[in-house]
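Have a look at the structure below before the remarks.
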Protein chains: 2
Amino acid sequence: MEIDNKKYIRLIEEGKIFSYSLAKGTFILPPNGFIIWDQIKKYLDDKFEKLNVKNVILPTLIPISLLEKEKEHIKGFSPELFLVRKKKLDNQIELEDSDEILALRPTSEVLFYEWFSKILQSYKQLPFLYNQWGQVFRAEKNTKPFLRNTEFLWQEGHTLQSSEEEARDFSKKILNIYKDYVENILCLSVTIGKKTSCEKFAGALESYTVECLLPDYQCLQVATSHYFGKNFSYAFNVSFRDEENKLKIPSSTSWGTSTRSIGALVLAHSDDFGLVFPFKIAPIQIAFIRRGDEQCLKDYETETYNKLSSLYRCKFYDENKQLSVNLASADKEGCPIKIIIGSREFESKNLTISLRFSPKEKNVISNEEIFSFIVDSEKKISNYLYEKSDFVKKSHVFKFDNYCDFIKEIEYKKGLFLVPFCDRSSCENSVREKFPSFSFRCISFSEEILNNKCIFCQFDSVGMAYFGRSY
Amino acid sequence: MEIDNKKYIRLIEEGKIFSYSLAKGTFILPPNGFIIWDQIKKYLDDKFEKLNVKNVILPTLIPISLLEKEKEHIKGFSPELFLVRKKKLDNQIELEDSDEILALRPTSEVLFYEWFSKILQSYKQLPFLYNQWGQVFRAEKNTKPFLRNTEFLWQEGHTLQSSEEEARDFSKKILNIYKDYVENILCLSVTIGKKTSCEKFAGALESYTVECLLPDYQCLQVATSHYFGKNFSYAFNVSFRDEENKLKIPSSTSWGTSTRSIGALVLAHSDDFGLVFPFKIAPIQIAFIRRGDEQCLKDYETETYNKLSSLYRCKFYDENKQLSVNLASADKEGCPIKIIIGSREFESKNLTISLRFSPKEKNVISNEEIFSFIVDSEKKISNYLYEKSDFVKKSHVFKFDNYCDFIKEIEYKKGLFLVPFCDRSSCENSVREKFPSFSFRCISFSEEILNNKCIFCQFDSVGMAYFGRSY
């Protein structure tokens, strides 16, 4: 289902996962939104911990002087910086001259490397594998909830390794963790690959990306992992003594995923009735809805609720007297499983269960079957959502081996165009001019090259590149 | 042990719980520091959840216009605000005129109330019980790690209740949770009470506080809970319809504790060898230190490590060849239990254990006894640290029922002075002028009034007030 902007806002507000805050482009994560982000956090923290990554917290304030050390890198964030000054609040607002001008971090590379340069001495300390969960700031002009915000939440990992190979391998390991999380937790079909030279992160040697093609056939980048070589270590004088006491420069990586993922979830899975969530990250996993007001029904409902609520996030939907309104509330919040209890269910000690993804199907099961039913449903829901997302992708990736066919079809086809590409900046820039609303999303790792020549310039192609519209 | 500033910095840097970041007054929480804060977070989240409090995330950016709605409240934070503007980064730094001037939140009352005013309609939605973990900003001139920072971490709870009584009760419930956490998790003896009219939070009707008397006999506020009555709800037009559809104003509370707690931990428990932590929140709970390099010793050590590391945070200290250096490293990091393994231990299948708080005592136990030994030690360590902190308090609280005795002893005694007090602002202001380095810490809930008259002004006393030096 394609979702226009108005509908998108309605979905996330009625689903209680988002609320505007007053500074332009900022938002509040209400309890439902918090739970989704917290589930993503727990899943990734667990994966990162297995790689021995440690969590840390760095400040959001950075002296401008420090930011300017890595000019190439910072240019990538211009003109999106927020500048901070001290403020005196008397009757009038007054600016105070401050010794140092501060900025709000647009990303934390420079904070990490400054710290690394202070604490790294010996090869024995390496690798440094650090991650932080926090918010970053970009003074964007056009904002859209979750997809583009001036202040948003993310996770950013930063590592130092003694060898280039170790660092590059690590950035690819992380890419695979991201792929796994987007596929298995968000239930989205993905395209992974390498960013082109023009599109890669400022200061990186290589940037890897996880991209989703959403139902409006636009592409969204949901996670990235960067291999820096020694670029950042050089810029910030980070070095160490190796086993022979020689001075060496470490290689490094950074990688992140953000609340943008929640936007992808909403755009990919929602329907006319509201949000649709995979079971694992649904804020409310099981809705309890009662048909009738008799005490025996309330008792039966509470008994079932108590049985499940220690294992699952459960909620009574009983604010309204009308059954249909309560059902609709649960649907708006994307609750995957609804348990409906009325006198028929009470008398037969059964439960009527409705699954969010297939509303017409009514399942009547005995009370004892509930646990196995939930486990089965969880899988069914995941498969259904993933397959739906995968269908969008599979049916809208179009391969071309020559410019002639490509130019004929790009006019009217919607989706991703997969073409042999040279990855030269001059070629990419001229392609950008010709197709201003398109961009290269990534160069595939696995797609077989259909033509040794780039379809745009006839130079040697380095791989098959995905070309499409993006958010 | 009294700790001067230089020693304090050395303790937290060598203990790897703190690192300066570059913007003045900001800091990095390295892995060890992160774990302490995370343990505090987990403990409190669990307690809050039992009260049905939900976590949310609000932005750090606030439009100045919104802050100015509650002038009384904001004056309390003047002149400590950071002001934010958009920034253009070309060759030169340039300020861009922005539609709205933003500030970094010094606390989030106004963000919460603005949100509440949008989402609250009916009594059915109440109570609102929300909490967020995040950072806040105060442009302090004099900073000290953990105790006073320009950017620090905290938790802030914000609630709305339909009745005044319910709100006041809730703020006291939270106070008791804080008391419990400071006593049982941080192992600090506390003084709790009500802030005086002058010292209470700007906009609050009542502020409750948890204060610690530290070994230098200065007082540190480690947590507070505020009852607002309807003040904030009025200021932000927050209202709801009651059961009879009448418009009502909700009562409210807010409450918080911060990374300042980590400072209290360090100042209260450290010794000449380094940090000393209670077992529950120690970043490294069990240190493994080997005497000798034989493979059989390594195997025995690894086997013991594997047995314990799924339950406890364990670390091998083997960076140095000298046993004493490795022991000292574990001590600097405040590790409560050290397991030492050498050939003697290997041959007898024993373990030698040294407890951080009593370094001279060597415990030799059999390998099977290890789990029960740890459980016993955990209690011993808590008791020891708490008793030590309690002794500081008990031996340095001085009660007076008249001004004459008080004025004689305040000159040369160090500690807290407990005196009958009227809680009138005019009286408090004149006392402040006379004793500029002292302040009223709180009015005790439980201490019996020794004199019906305030010892400073002879007006009626409302309770016994703690008067002392503070950080």
* For A:PHE146: the one exception among (1) at positive phi; (2) without any contact (Cβ under 8 Å) to a residue 24 or more places away in the chain -> (2)
* Name the single residue, out of those in the range A:68-95 being more than 8 Å from chain B (Cβ to nearest Cβ) and touching a Lys or Arg at 6+ places or on another chain (Cβ under 9 Å), that is modelled with the lowest pLDDT. => A:GLU94
* **Set B:GLU361, B:GLU345, B:GLU369: member being in contact (Cβ under 8 Å) with a residue 12 or more places away in the chain and of a type in the set (Asp, Glu)** => B:GLU345
* Asked: Here are some conditions: (1) modelled with pLDDT of 95 or more; (2) more than 21 Å from the chain's Cα centre (by Cα); (3) facing chain B (nearest Cβ under 9 Å). A:LYS6 meets all but one. Which one does it not meet?
  -> (3)
* **Residue within the range B:197-219 that is part of a strand (DSSP E or B) and surrounded by fewer than 19 Cβ atoms within 10 Å (Cβ to Cβ) present** => yes
* Do we find a residue being more than 13 Å from the chain's Cα centre (by Cα), in a loop (DSSP other than H, G, I, E, B) and of a type in the set (Ser, Thr, Tyr) anywhere in the range B:221-230? -> no
* Lone qualifier among A:ARG432, A:ARG424 - being of a type in the set (Lys, Arg), within 30 Å of A:VAL266 (Cα to Cα) and out of contact with any Pro (no Cβ under 8 Å at 6 or more places or on another chain) -> A:ARG432
* Could you count how many residues in the range A:420-450 are free of Cβ contacts under 8 Å to residues at least 60 places away in the same chain and of a type in the set (A, V, I, L, M, F, W, C)? -> 7
* **Among residues of the range B:249-262, those that are crowded, with 24+ Cβ neighbours inside 10 Å, more than 8 Å from the chain's Cα centre (by Cα) and within 30 Å of B:ALA282 (Cβ to Cβ), counted** => 1
* Looking at (1) closer than 22 Å to B:LEU153 by Cα; (2) within 9 Å of chain B (Cβ to nearest Cβ); (3) out of contact with any helix residue (DSSP H, G or I) (no Cβ under 7 Å at 6 or more places or on another chain), which is the only condition A:ASP45 fails? -> (2)
* To do: Considering each residue of the range A:176-190, count those that are surrounded by fewer than 24 Cβ atoms within 10 Å (Cβ to Cβ) and not β-branched (Val, Ile, Thr), and give that number.
  => 7
* **Among the candidates A:LEU214, A:LEU220, A:LEU267, residue that is closer than 30 Å to A:ILE381 by Cβ and in contact with a Pro (Cβ under 8 Å, 6 or more places away or on another chain)** => A:LEU267
* Give the residues of the range B:305-320 that are within 14 Å of B:ILE289 (Cα to Cα), part of a loop (DSSP other than H, G, I, E, B) and under 30 Å from the mean Cα position of the chain (by Cα), sorted by residue number. => B:TYR317
* Asked: Of the numbered conditions (1) assigned to a loop (DSSP other than H, G, I, E, B); (2) under 30 Å from B:ARG356 (Cα atoms), B:GLY263 satisfies every one except a single condition; which is it?
  -> (1)
* Can you find even one residue in the range A:292-304 that is over 17 Å from the mean Cα position of the chain (by Cα) and of a type in the set (A, V, I, L, M, F, W, C)? -> yes
* Asked: Is it true that some residue in the range B:319-329 is of a type in the set (D, E, K, R) and loosely packed, with under 14 Cβ neighbours inside 10 Å?
  -> yes
* Restricting attention to the range B:130-163, report how many residues are among the aliphatic types (A, V, I, L, M), more than 9 Å from chain A (Cβ to nearest Cβ), in contact with a helix residue (DSSP H, G or I) (Cβ under 8 Å, 6 or more places away or on another chain) and within 30 Å of B:LEU11 (Cα to Cα). => 1
* Asked: Can we say A:PRO106 is modelled with pLDDT of 95 or more and more than 7 Å from chain B (Cβ to nearest Cβ)?
  -> no
* To do: Could you list, in sequence order, all residues of the range B:369-416 that are within 13 Å of B:ILE455 (Cβ to Cβ) and over 27 Å from the mean Cα position of the chain (by Cα)?
  => B:PHE400, B:ASP401, B:ASN402, B:TYR403, B:CYS404, B:ASP405, B:PHE406, B:ILE407, B:LYS408, B:GLU409, B:ILE410
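For (1) surrounded by fewer than 17 Cβ atoms within 10 Å (Cβ to Cβ); (2) farther than 22 Å from A:PHE316 by Cβ, each residue gets a yes or a no:
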{"position": "A:ASN237", "(1), (2)": "yes, yes"}
{"position": "A:LEU267", "(1), (2)": "no, yes"}
{"position": "A:ASP271", "(1), (2)": "yes, yes"}
{"position": "A:ILE284", "(1), (2)": "no, no"}
{"position": "A:GLY292", "(1), (2)": "yes, no"}
{"position": "A:LYS298", "(1), (2)": "yes, no"}
* Asked: List, please: which pairs have Cβ atoms under 9 Å, are six or more places apart or on different chains, and start with a residue in the range A:9-27 that is without any contact (Cβ under 8 Å) to a residue 60 or more places away in the chain and more than 7 Å from every other protein chain (Cβ to nearest Cβ) and end with one that is of a type in the set (Lys, Arg) and crowded, with 19+ Cβ neighbours inside 10 Å?
  -> none
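The values are calculated or read from the model by the stated rules, or taken from the named source; none is laboratory data. What you are looking at is a predicted structure, and each value in this text was computed from that prediction instead of being measured. Here Cβ is always computed from backbone atoms with ideal geometry, including for glycine, and neighbour counts include all displayed protein chains.
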